[in-house]
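The values are calculated or read from the model by the stated rules, or taken from the named source; none is laboratory data. Quantities reported herein were computed from a predicted structural model and do not represent experimental measurements. Note that we place each Cβ from the backbone using ideal geometry, even for glycine, and neighbour counts take in every protein chain shown. These area figures cover heavy atoms from the full protein model, side chains too; ligands, DNA and RNA do not enter into them. Shrake-Rupley method; radii C 1.70, N 1.55, O 1.52, S 1.80 Å.
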Amino acid sequence: MKKIIFVFLSSLICHFSTSAQDVNSLIKKVRSKLDKVNDYIAEGKMKTDVAFIKAPVGKVKVFYKRPDKFTVKRDKGISILPKSGVSFNMSSVLSGDNYTAIPSGESTVGGDKVKLVKLLPNDDNSDVVLTTLYIDEANLLIKKANTTTRENGTFEMEMSYGKYASYGLPDRVIFAFNTKEYKLPKGVTLEFDTDDTPKHSVKNKKGRVEIIYSSYVINKNISDMEFK
Amino acid sequence: MQPVIKVSNLSKHFNEIVAVNNLSFTVNQGDIYGFLGQNGAGKSTTIRMLLTLIEPSHGEIEMFGMHLSTHRKEILRQTGAVIEKPDVYKYLSAFENVQLFSKISGGPKLTRAQLLDQLAMVGLQERAFSKVKTYSQGMKQRLGIAIALVHNPQLIVLDEPTNGLDPQGIADIRNLMLHLSKERNKTILVSSHLLSEIQLIANRLLIIDKGKKMAEGDTLALFDPSQTLVELETLDNKKAFYQLQQSRWSAKLQPAREKTIVLKMDKNEIPAFHQSLAQMQIPILSLQPRNSLEDYFLQVTTGNQHVEAFTN
Amino acid sequence: MWKLLQIELFKIFKRPRTYISFVAVAALVSIIQFGLKVDGKMYVDFMLRDLSASFNIEGNVLNGYLVCYIILQLLLVHVPLLITLIAADLISGEANMGTLRLLLTKPVSRTEVILAKFLAAAIYTFLLLIFMAILALFVSMAIFGTDDMLNLKSGYVVQLKSNDIFWRYICAFCFAALAMLTVASLGFFLSLFAENSIGPIVATMSVIVVFTILSTLDIPIFNAIKPYLFTTHMIGWKGFFDVKVNNDNEAIIGSVQNLDKVLQAAGILALHIFGLLLASVLVFRKKDILS
């Protein structure tokens, strides 16, 4: 099935001037930039914007270690993180060669010109079905990624860069994802009042989590214990 | 002398029912004032009005020269009362009860020893710290009196204080009242439905029936010998009544009753009357002299006939 | 007045009945705590079912703050019954014992007597709530630790930061005190009209039970009368555990979502208390004591 889609997509892509070869080398460049980072601990703030969650802005610590260890921890308190979304990380996506890259044209993200690349995992059992990357070719930075998964729907990451652009590490990441419905019977929550509906419509099932990084500590060889 | 209690035209209605009807009386300093009436005659209602538990429908109450409606606290400070059953907090000890009420009775603050003295006066010192629920009726009655006296009041109001007591208990209470009156110069208002109980100690009496005053006065005057009723029972009352009507005693005959013939005469006339009966050959089963007050009481408590006994 | 209050408190705390409430609260709170300690994970999993479908939740969800909330939610509906046991007995119990007439022949005014009794009932209520606060909040905090609190409401989830919770509990307990005092005043008022305590206790409990059921039922015809039932406002304390959000849907720390509604509910309860107390004073001043 996937092969058929691949063939179909490939035929579409043939119209564009960019060849698969060019795309692969672009990805390689991006990856080598990301590979400069072996591990990091980053500090930042996390905002959760989900219709049925009222959460305060919280401090988070983000831990990464190559190739695919990644975790977000709330500094204090309870963390409510979208399943798999936030733990999805660019370096992990690009690590290994277990995907096929397809050039998909050009676009702009936040005024910057970007190249669109679709990544199809070669592993049929992979949770990720398709990832679309929006790559800033000039700076070798991934500005945006759209990922479709089997289990957790589609989500979108938008990244902006600043101080740590040379490592390919964003200052700000916005995850946008779909959420399922939330409802508890009033009998369980023991609520008597009838007109207590949330201000934000629950019908809007798009959720957003935004992490604003304030600092990174890079390549200090962090322990695996942090990911437990 | 200023009266301790002066009640004028006092009435109380409970909806349609008239409990006290235009009652007036006066209690003087030092009196043991007997307040008599059968159950439901309005004694309790009157006493409760004196103690501000019930608001009068009409009339005035003055105590210690002050109006009760305007000087309630001042008056109650000088008054101690046991109303009907001597109910106290059963889950507290006698000492705790006395202590508790002494705090709000308006008297000076008492020491522990003084409080115990108070209990000793009524003979409860040994059980002072037992819970009241373990007390007998007589002990509770004495505790009630100890509480009524804790602030050394001028006026003591006792509503049926001997109810439910055994003869010894009744005698104890009677002696206590005499003691309080004579030794401590207290004024006592005591109610009862038993004349025999009151007439021994009260110097003045008030008798009410259906909320109305029947008699008020000095005990001695009320037991006036000239008002003696003689109750006569013969083998043939009808015939005897006829014979007496024809005799010089006819003026003294009272309305006919079921089993007896009643005549009102001076106590001193009884021997002569006795002789007349012999002369007329009336076969006597019994001849009982009785004060008219006593007779009235028997009548109302047995509840038979209406008597117009008190016309003096 | 002060003497009378002392006496009333002395009487209340000399009675074994008074301690039933404290024992009952202690038993209920520890049963809930024990249950949550043993099987709390299942409870939390159940409550988080919908949320877990889209989110990973990490942290000490079942912490002392949440446990206290669960306890209050379950218990505050029933505490009125315990309050009633004392409040509805205050006048009628004394009428029944016969001590009321003795008390009222003392040189104290009836208004003083009734206010002292009401204050004593209020103090009893506050002590019971403080006792409950210690057990439900502080003991739970000791057993379950502290963390952010997830208030899982029917329509949405509120995450309260752990340093933004304690004051909410203080407010909640104050509100609960107001609610319980409303119950106490109702029991107190009804106790004026009887000469045994069973009548007013049962009457007060019945009113609360019926009102609570009406408040709980989600049936349109009853919704119209809900605002007029004091029981509807008695759960207003929950309002302190909801926060406002800004335009970015961020919870604003230290805010209360419907503060005006909570305050309105508190005002309604206060009016009930004032009204019932005033009525009690007026009735009692004119009442003929026949017991």
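Across all Cα pairs in the stretch C:136-216, the calculated P(r) in 10 Å bins from zero up to the longest distance comes to 15, 29, 26, 21, 9, 0 percent per bin. Which aspartates and glutamates does C:Lys244 reach when only Cα atoms under 14 Å apart count, and residues fewer than 8 places away in its own chain are ignored? Qualifying aspartates and glutamates at Cα under 14 Å: A:Asp49, A:Asp196, C:Asp164, C:Asp260.
Near A:Thr147, once Lys and Arg are set to +1 and Asp and Glu to -1 for all other residues with Cβ below 10 Å from its Cβ, the sum equals -2.
Could you work out, residue by residue across C:91-104, how many beta carbons of other chains sit within 10 Å of that residue's beta carbon, and then give the average as an integer?
Working: counts 0, 0, 0, 2, 0, 1, 6, 8, 8, 2, 10, 14, 4, 5.
Per residue, the average neighbour count from other chains is 4.
When chain B is treated as a Gaussian network with alpha carbon springs shorter than 10 Å, the biggest mean-square fluctuation among B:Glu16, B:Glu55, B:Glu96 belongs to B:Glu16. Rg and Dmax of the protein assembly as shown, both derived from C-alpha coordinates alone, stand at 45.4, 163 Å.
Within 15 Å, Cβ to Cβ, of A:Ser107, how many net charges do the neighbouring residues add up to if Lys/Arg are +1 and Asp/Glu are -1? Provide the component values of the computation, followed by the final result.
Details: positive: A:Lys113, A:Lys115, A:Lys118, A:Lys143, A:Lys144; negative: A:Glu106, A:Asp112, A:Asp136, A:Glu137, A:Glu156, A:Glu158.
Result for the neighbourhood of A:Ser107: -1.
Using a 10 Å cut-off on Cβ to Cβ distances, tally the other chain neighbours for every residue of C:54-64 and report the average as a whole number.
Values: counts 18, 16, 10, 4, 9, 7, 2, 2, 0, 2, 0.
The shielding value for this peptide is 6.
Which one, C:Ala279, C:Gln33, C:Ala176, is farthest towards the positive end of the dipole of chain C when Lys and Arg carry +1 and Asp and Glu -1 on their Cβ? Final value for the positive-end residue is C:Ala279. Across q = 0.15, 0.22 Å⁻¹, the stretch B:1-66 modelled as identical point scatterers on its alpha-carbon atoms has Debye log10 I(q)/I(0) values of -0.45, -0.94, in the order of the q list.
Neighbouring Cβ atoms from other chains, within 10 Å of the Cβ of residues in C:123-133, number 0 on average.
Overall, the protein assembly as shown carries a charge dipole of about 1340 debye about its Cα centre when +1 sits on the Cβ of Lys and Arg and -1 on the Cβ of Asp and Glu, all other atoms neutral.
Total accessible area buried between chains A and C, 1.4 Å probe, in Å² to the nearest 100?
Numbers: alone 13650 and 14810 Å², together 24120 Å².
The contact between C and A buries close to 4300 Å².
Using the alpha-carbon centroid of each, what span in Å lies between the stretch B:60-114 and the stretch B:199-213? Their Cα centres are 25 Å away from one another.
Determine the share of the protein assembly as shown's accessible area contributed by carbon and sulfur atoms, expressed in whole percent, with a 1.4 angstrom probe.
Working: 20900 of 37190 Å².
Here it works out to 56 percent.
Compactness ratio for the stretch C:169-239: Cα radius of gyration over 2.2 N^0.38 Å (N = residue count) comes to 1.23. For chain C, the 222 nm mean residue ellipticity estimated from helices alone, with every DSSP H stretch of n ≥ 4 adding -39500 (n - 2.57) and the total spread over all residues, rounds to -21500 deg cm²/dmol. In this structure, the residue pairs whose Cα-Cα separation is over 18 Å, taken from A:Lys65/C:Lys161; B:Lys238/B:Lys259; A:Lys28/A:Lys61; A:Lys54/C:Lys161, are A:Lys65/C:Lys161; A:Lys28/A:Lys61.
When ligands, DNA and RNA are left out and all protein chains stay put, how many square angstrom of accessible area per residue does the stretch C:2-286 have with a 1.4 Å probe? The partial results should precede the final answer.
Details: 10900 Å² over 285 residues.
That works out to 38 Å² per residue.
Its DSSP H runs of at least 4 residues, each contributing -39,500 (n - 2.57), put the calculated 222 nm mean residue ellipticity of chain B at -9500 deg cm²/dmol, to the nearest 500.
How long are the three semi-axes of the equivalent ellipsoid for the stretch C:47-114, computed from the Cα gyration tensor as the root of 5 times each eigenvalue, in whole Å, largest first?
Numbers: eigenvalues 537, 26, 12 Å².
They are 52, 11, 8 Å, listed from largest to smallest.
Compactness check for chain C: Cα Rg over 2.2 N^0.38 Å is 1.11.
Send over the per residue convex hull volume for the stretch C:1-135, Cα only, as a whole number of Å³. Show your work: numbers first, answer last.
Working: hull volume 16.2 nm³, N = 135.
Spread over its residues, the Cα hull of the stretch C:1-135 gives 120 Å³ apiece.
Each of A:Thr48, C:Asn151, A:Val173 was scored by the projection of its Cα onto the charge dipole of the protein assembly as shown, and the greatest displacement toward the positive side belongs to A:Val173; charges sit on the C-beta of Lys, Arg, Asp and Glu.
In debye, nearest 20, what is the charge dipole magnitude of chain C about its Cα centre with +1 on Lys and Arg Cβ and -1 on Asp and Glu Cβ, if you could check?
1200
For B:Gly107, the shell of other residues with beta-carbons less than 12 Å away shows a net charge of +4, using +1 for Lys and Arg and -1 for Asp and Glu. Here the stretch A:71-174 is assigned +1 on the Cβ of each Lys and Arg and -1 on the Cβ of each Asp and Glu. Its dipole about the Cα centre then comes out at about 400 debye.
With all pairs of different alpha carbon atoms counted, what Kirkwood hydrodynamic radius in Å does chain B show?
Details: mean 1/r = 0.0464 Å⁻¹.
Its Kirkwood hydrodynamic radius stands at 21.6 Å.
Determine the percent antiparallel among the DSSP beta bridges restricted to the protein assembly as shown, to the nearest 5.
Working: 110 of 131 bridges.
About 85 percent, rounded to the nearest 5.
Globularity index of the stretch A:45-190 is 1.16 (Cα radius of gyration / 2.2 N^0.38 Å, N = number of residues). Between the C-alpha center of the stretch B:1-36 and that of the stretch C:29-90 there is a gap of 64 Å.
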